[in-house]
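Novice: My questions all concern the structure below.
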Amino acid sequence: MSPSAHSSIQKLFDLRRTSSSSPVPPAASAPEFVSLALGALFPQLSPTPALSPETLAHLVNQARQVLDTLVFPLLPAAAARALSDSFIDALPALHAALMDDAHAILAGDPAAQSADEVIVAYPGFYAIAVFRLAHWLLQQGVPTVPRMLTEQAHRVTGIDIHPGATIGRSFVIDHGTGIVIGQTTTIHDHVKMYQGVTLGALSVDKSMANTKRHPTIERNVVIYANATILGGDTVIGEGSVIGGNVWLTASVPPNSRVYHRADVSVSSP
């Protein structure tokens, strides 16, 4: 290696050392944890068969070990160890919530043949599953890692759900590509949305970081493709249907039907 190359390597090393102001977990561990955790939750997604409690315990322990590599750089040792134990305790409740999501997707999609198919092949379910893992970690006070997990799902599915969002039971994402759900969004039970939906903020000013910037979607709402709903004061009332391509920055009452009117002209040759 030439003297100039040695000098450049040293310069890069110094720059790398000063580019981060806090510990950062290894990025490669995020997709590994997602794979192992989902495999522990669902045999359909397991990298190895878990045919007994003992083999399942081995798989769960693998997931916990990878979780440790993610959280130990970020938390005091005692807190990280406690989180590791809490993760195992949380798995049954996570499984129950995700099965509600899977059955809601199955019930609402004529193309779905079984809950197994939803779990192994539907990008909407995958994005929801990773979100629920990430949201649980965020609730435990873990920084950085929840966003790493949801960004993994974003890369795989094109569905961008911030781990800080609050999402109720039986959530359905159909197709899903291009969906964006912001940090302070609240979604109640039995909501269904299609591809391209944005639940966003009216302003992205940094001074609003600690305010509710994203909308609230009440129970039994359907939001069709490419609808955009913005603002922390915007509430979509229970039982409403929001049509495709609608742009909303104001609340609508329960059982509303909101549609975008487009003039389509077809001329004969």
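Coordinate-derived values only; no laboratory data. Just so it is clear, the structure is predicted and the values come from calculations on it, not from any experiment. Cβ coordinates were reconstructed from backbone atoms using ideal geometry, including for glycine residues, and neighbour counts include every protein chain displayed.
Novice: Looking at region 187-215, which of its residues are without any contact (Cβ under 8 Å) to a residue 40 or more places away in the chain and farther than 21 Å from ASP174 by Cβ? I'd like the intermediate steps shown before the answer.
Specialist: Initially, region 187-215 is screened for residues without any contact (Cβ under 8 Å) to a residue 40 or more places away in the chain, giving 187, 189, 191, 193, 195-201, 203-213, 215.
Within region 187-215, ALA201, SER203, VAL204, ASP205, LYS206, SER207, MET208, ALA209, ASN210, THR211, LYS212, ARG213 meet the criteria.
Novice: Then there's this: Hey, LEU199 hits all of (1) farther than 30 Å from PRO76 by Cβ; (2) of a type outside the set (D, E, K, R); (3) touching a Phe, Trp or Tyr at 6+ places or on another chain (Cβ under 9 Å); (4) surrounded by 17 or more Cβ atoms within 10 Å (Cβ to Cβ) but one; which does it fall short on?
Specialist: If we test LEU199 against (1) farther than 30 Å from PRO76 by Cβ; (2) of a type outside the set (D, E, K, R); (3) touching a Phe, Trp or Tyr at 6+ places or on another chain (Cβ under 9 Å); (4) surrounded by 17 or more Cβ atoms within 10 Å (Cβ to Cβ), just (3) comes out false.
Novice: Going through PHE13, PHE33 one at a time, which residue ends up being touching a helix residue (DSSP H, G or I) at 6+ places or on another chain (Cβ under 6 Å) and not acidic (Asp, Glu)?
Specialist: Details: PHE13 fails: touching a helix residue (DSSP H, G or I) at 6+ places or on another chain (Cβ under 6 Å).
The unique qualifying residue is PHE33.
Novice: Something else about it: From the set of residues in region 1-30 that are part of a helix (DSSP H, G or I) and of a type in the set (Val, Ile, Thr), which is surrounded by the most Cβ atoms within 10 Å (Cβ to Cβ)?
Specialist: If we filter region 1-30 for residues that are part of a helix (DSSP H, G or I), which is where we start, we get 3-18, 29-30.
Right, trim to of a type in the set (Val, Ile, Thr) and you get 9, 18.
Values: ILE9: 11, THR18: 8.
Per the criteria, the residue is ILE9.
Novice: Could you go through region 172-184 and let me know if any residue there is buried (at least 20 other Cβ atoms within 10 Å of the Cβ), assigned to a loop (DSSP other than H, G, I, E, B), more than 11 Å from the chain's Cα centre (by Cα) and not basic (Lys, Arg).
Specialist: There is at least one residue in region 172-184 that is buried (at least 20 other Cβ atoms within 10 Å of the Cβ), assigned to a loop (DSSP other than H, G, I, E, B), more than 11 Å from the chain's Cα centre (by Cα) and not basic (Lys, Arg).
Novice: Which of the residues spanning region 138-170 are of a type outside the set (Gly, Ala, Ser) and in a loop (DSSP other than H, G, I, E, B)? Please lay out each step first, then the result.
Specialist: Pass one, region 138-170, residues of a type outside the set (Gly, Ala, Ser): 138-140, 142-152, 154-157, 159-163, 166-167, 169.
Across region 138-170, the qualifying residues are GLN140, VAL142, PRO143, THR144, ILE159, HIS162, PRO163, ARG169.
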